[in-house]
């Protein structure tokens, strides 16, 4: 990922990963390129990502042959208008956060492992007061669905994060951009921008 020095992330890449929950798994297998959009879980130490895909998806077979892969996560992002700058002659841009991790994928077809993964994912994403719990699913319903997925554990070898948040502009302009973004509903991106500004 091309990252000029002033756009290097102020946060560890693991932290940016934890703020998001959905990414793109990319595998090159010979002349073929496989990409699959997947929700994920990050281990406490940030060294592994866990996810699953449909067994009907040929991507996992590519991972069997070529376990080296990349996982890309798009963080907060939004359009930035040149009208928000002091300099009359400016151009539009896009502010964003992104994380890339490279590593090696291990597959799991074990029913107990897959069930634990689904339980962990539901704990992460289901509302605490939700009436739905995976334990409420009957074995007759559950087992065919577990047989229809493949677990993927990505062991991270390298991570890289980028925060392109107007760091190349003046503090006054950065505050104005954050304010404009907040007014347009991009509050989380504005929060990230303001966290990098001096008090």
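Just so you know, all these numbers are worked out from the coordinates, no wet-lab data involved. Quick caveat: nothing in here was measured; it's all calculated off a predicted structure. Every residue, glycine among them, receives a Cβ derived from its backbone with ideal geometry; neighbour counts consider all protein chains shown.
Quick look at the numbers
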| read-out | value |
| --- | --- |
| Residue satisfying all of: in the stretch 26-49; touching a helix residue (DSSP H, G or I) at 6+ places or on another chain (Cβ under 7 Å) and under 14 Å from residue 99 (Cα atoms); surrounded by the fewest Cβ atoms within 10 Å (Cβ to Cβ) among these | 46 |
| Leading residue by the ranking (surrounded by the fewest Cβ atoms within 10 Å (Cβ to Cβ)) among those in the stretch 92-102 that are within 19 Å of residue 193 (Cα to Cα) and touching a helix residue (DSSP H, G or I) at 6+ places or on another chain (Cβ under 9 Å) | 92 |
| Some residue of the stretch 81-91 being closer than 30 Å to residue 174 by Cβ, assigned to a helix (DSSP H, G or I), touching a helix residue (DSSP H, G or I) at 6+ places or on another chain (Cβ under 9 Å) and touching a residue at least 40 places away in the same chain (Cβ under 8 Å) | yes |
| Matching residues, the stretch 47-62, being closer than 18 Å to residue 104 by Cβ and touching a strand residue (DSSP E or B) at 6+ places or on another chain (Cβ under 7 Å) | 47, 48, 49, 50, 51, 52, 53, 59, 60, 62 |
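Conditions (1) in a strand (DSSP E or B); (2) over 19 Å from residue 22 (Cα atoms); (3) in contact with a helix residue (DSSP H, G or I) (Cβ under 9 Å, 6 or more places away or on another chain), marked per residue:
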residue	(1), (2), (3)
122	no, no, yes
135	no, yes, yes
145	no, yes, yes
157	yes, yes, no
163	yes, no, yes
173	no, yes, yes
177	no, yes, yes
185	no, yes, no
190	no, yes, yes
